[in-house]
Each structure stands twice: as C-alpha cells, then as structure tokens.
Amino acid sequence: MCAAAGVGSSKMSLYDTYTLDNDILSLEQRKFYEENGFLVIKNLVSDDDITRFRNRFQRICKEEVKPLGMTIMRDISIEKSKFIPSEELITKVQNFHQDEELFRYCTLPEILKYVECFTGPNIMVVHTMMINKPPDSGKKTTRHPFHQDLHYFPFRPSNRIVAAWTAMEQVNRNNGCLSVLPGTHKGCLKPHGYPQWEGGVNIMYYGIQGYDENSPRVHLEMEKGDTVFFHPLLIHGSGWNKSQGYRKAISCHFASADCHYVDVKGTSQESFEKDILETLHKLYGFPEGASLKDIFRLNVQLVKGERTNL
Ligand SMILES: O=C(O)CCC(=O)C(=O)O
C-alpha cells in the first residue's frame with residue numbers, strides 16, 4: 001500500500017484495479033493497461049482537429065488571441081533572447097481551459113470515451129498542455145526528465161486520474177517522443193527535484209530522484225493522431241529534439257469528480273507547492289497563504305457527468 005499515492009486495493013480481479021468495467025476496452029487492452037500503466041490508441045484524433053489545434057496555437061504564439069489564465073513557457077536556452085511573439089519561442093502553453101478552440105480537445109467524444117474507462121462517468125479536466133518541443137540548441141535542454149505526473153496533483157485516488165497525450169505529427173526518438181517505464185504505475189509516488197543537468201533544466205521540469213536507470217524503457221513512437229492514455233504514477237519523460245522541426249503534442253489530464261483533495265504539506269509534493277505558489281504570487285498576486293488545492297479548485301472543469309467532490 002502506497003499511502004502517499006492513495007492506492008491499494010482489496011479487489012481480487014486481475015483487471016479492475018486501474019481500469020473500469022465497460023464495453024469500450026477489450027480484455028486485452030485492459031490487461032495491457034493494468035500491467036503497463038499506459039495504452040496507445042492509434043489514429044484517434046482526426047487530421048482536421050489537429051490542424052485546428054495547430055492553427056490556434058500559432059495564433060496564440062503570435063499574440064493574435066490572448067486566452068485568460070494560460071501559462072506560456074519558453075525553453076531555458078531561449079528564455080533570455082529578445083521576445084518576438086512567434087511559434088519558435090514558445091515551448092508550451094498550459095491551462096488553456098478558457099480557450100474554447102484548444103479546450104475542444106478535452107471534450108472530443110473519442111477522447112472522453114476512453115477516459116471514462118479509467119475515471120468513471122464523472123469527468124473533470126484538471127490540467128491542459130500544448131507542447132511545442134523546439135529543435136535542441138545542443139545543450140539537451142529540450143529533454144523532459146523522468147517524472148510522475150502525480151507529483152503535481154493534490155487529489156486522489158491516483159487510479160482515477162489519467163493523462164491523454166496526442167501526437168500532432170509523427171513522433172520518434174529523433175524528435176523526442178515520450179519514453180515510459182512500463183509497470184511503474186504500480187509503485188509509489190517518489191521524491192522529485194531538479195536534475196543537475198549541465199545545460200540547465202526548464203522551470204517546473206522536475207525529475208525523479210533515484211529511479212533505477214536500468215529499468216526497461218519503451219519509446220513511444222507514434223503517428224499523427226495517435227493518443228496514449230497513461231496513469232499518473234507511470235514514470236515517463238521525453239528525449240531531446242535532434243530534428244529541425246517543432247515536435248507538437250496536445251495533452252489533458254482528467255480525474256474523476258469523485259476524487260478528493262489531499263493536503264500535500266509534509267509530503268514529497270510540498271516543495272512543488274511552494275514553488276508554484278511563489279511563482280503565482282509573483283506573477284499574478286495569488287494570495288500567499290494559499291495551497292495547491294486552491295489553485296486546482298479554481299481551474300478544474302467538469303466535462304461529463306456530475307460535479308461531486310473536486
Ligand atoms: O511532451 C513531452 O515532451 C513530455 C510531456 C510531459 O511528460 C509532461 O509535460 O509532463
């Protein structure tokens with residue numbers, strides 16, 4: 001039993017700890033997710049939708065539209081260069097909840113159909129990202145260290161949280177696809193910190209401290225529209241972008257509305273809570289005494305079923 005992760009189950013069945021019983025996933029798919037903590041569904045999001053997300057991202061980068069509440073990030077290697085609003089300087093936009101066009105991703109029936117297999121029928125959007133991994137400058141700053149997404153979330157149980165990550169073009173080892181350590185979703189939430197990388201590391205890109213570097217890893221090479229669903233304890237990251245292109249993906253984390261908030265004070269998540277609150281205080285005057293729960297309470301959004309706890 002992992003107290004910090006809120007996991008642990010008395011169920012005897014082999015296939016109902018991490019997935020729920022419905023007629024969407026085949027037994028084979030459920031078994032795969034139960035054992036590995038991720039599942040790739042080929043060709044799930046249409047080319048038309050991906051073109052719309054790409055166009056919208058470009059307009060946001062050019063500052064033609066400025067959705068409220070969104071965080072815009074730049075790679076550490078270009079952070080200090082002169083800012084000209086363009087796609088080349090933005091590596092990620094987060095929390096696009098208030099942008100109708102990008103938020104469509106989180107409401108696509110083909111995505112929600114699978115999400116429900118992990119969260120159940122009451123579905124909240126808890127975090128959103130559009131990632132634009134730039135060509136690496138040679139300092140390998142475009143890597144995303146191995147981490148567990150649960151480090152960022154103040155709610156449980158972890159088994160009712162799932163990420164959807166859709167490739168917006170072909171992704172492979174050359175342009176920095178996702179890499180996962182299969183089966184690690186069965187473990188606990190581990191302490192995270194900033195890796196000591198020579199070229200520096202991007203803000204909020206925490207890495208797991210002390211994972212087994214020899215654990216078998218799988219590189220998720222995917223085609224445009226393919227979508228991977230994964231558990232928030234699954235250890236994953238992505239490689240540096242050796243290509244000349246901007247590797248794009250759109251992603252959303254969903255949780256069951258029946259999840260409950262937890263206090264992260266005194267846990268390995270406390271340092272993240274401190275960092276994010278300091279940043280939000282500096283940028284937006286967010287109240288100093290607030291907590292990670294307060295940030296999420298303001299942002300989570302119901303997309304299916306009923307709002308219960310979250
Ligand atoms: O898309 C990527 O390169 C990694 C995304 C990721 O793991 C994250 O942002 O938590």
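Here, each number is a calculation from the coordinates, and none is a lab measurement. In this text, all values refer to a predicted model and were calculated from it rather than measured experimentally. Cβ sites come from the backbone with ideal geometry, for glycine too, and all protein chains shown count toward neighbours.
For the reader, a short list of remarks on this structure follows.
- For a label point 7 Å along the Cα-to-beta-carbon line of Phe286, residues of the range 50-70 with backbone N under 20 Å: 67-70
- Each Lys and Arg contributes +1 and each Asp and Glu -1, all at the Cβ; summed about the Cα centre of the range 217-275, the dipole is approximately 360 debye.
- Dipole magnitude for the range 27-304: about 240 debye, using +1 per Lys or Arg Cβ and -1 per Asp or Glu Cβ, origin at the Cα centre.
- With both labels modelled 7 Å from their Cα along Cα-to-Cβ, the Lys31 to Glu169 distance reads 3.8 nm.
- Comparing Leu220, Leu189, Leu280 in a Gaussian network model of the chain where C-alpha atoms under 10 Å apart are linked, the largest mean-square fluctuation is found at Leu280.
- FRET efficiency for Thr308 and Gln209, using Cβ-Cβ distance with R0 set to 35 Å, rounded to 0.05: 0.50
- Local electrostatic count, Leu27, Cβ distance below 15 Å [Lys/Arg +1, Asp/Glu -1]: -4
- GNM on the chain, alpha-carbon springs under 10 angstrom: the most fluctuating residue among Asp136, Asp226, Asp294 is Asp294.
- Estimated from helical segments only, the mean residue ellipticity of the chain at 222 nm is -6500 deg cm²/dmol, where each DSSP H run of four or more residues counts as -39500 (n - 2.57).
- The length gained by stretching the chain between Asp47 and Glu278 to full extension, at 0.36 nm per residue less their Cα-Cα distance, is 79.2 nm.
- Gain in span if fully extended, Lys293 to His260, counting 0.36 nm per residue against the direct Cα distance: 10.9 nm
- Charged neighbours of Lys242, selected by a Cβ distance under 12 Å, balance to +4 (K, R count +1; D, E count -1).
- Order of Phe230, Phe296 - criterion: other Cβ atoms within 10 Å of each residue's Cβ, fewest first: Phe296, Phe230
- Placing a pseudo-label 7 Å from each Cα along the Cα-to-Cβ vector at Gln196 and Glu64 gives an inter-label distance of 4.7 nm.
- Computed from the C-beta positions of Glu100 and Val218, the FRET efficiency with R₀ = 25 Å rounds to 0.10.
- In terms of its alpha-carbon gyration tensor, the range 189-304 comes out prolate; a/c meets the 1.5 threshold, and the first ratio a/b outweighs b/c.
- Cβ crowding within 10 Å, taken as a proxy for footprinting-reagent exposure, orders Leu20, Leu68 from fewest neighbours to most as Leu68, Leu20.
- Cα gyration tensor shape for the chain, rounded if a/c is under 1.5, else prolate or oblate: rounded
- Just checking the listed ones, Lys274, Lys282, Lys186: in the Gaussian network model of the chain with Cα springs under 10 Å, the one fluctuating most is Lys282.
- Net charge of neighbours whose Cβ lies under 12 Å from the Cβ of Tyr211, counting Lys and Arg as +1 and Asp and Glu as -1: 0
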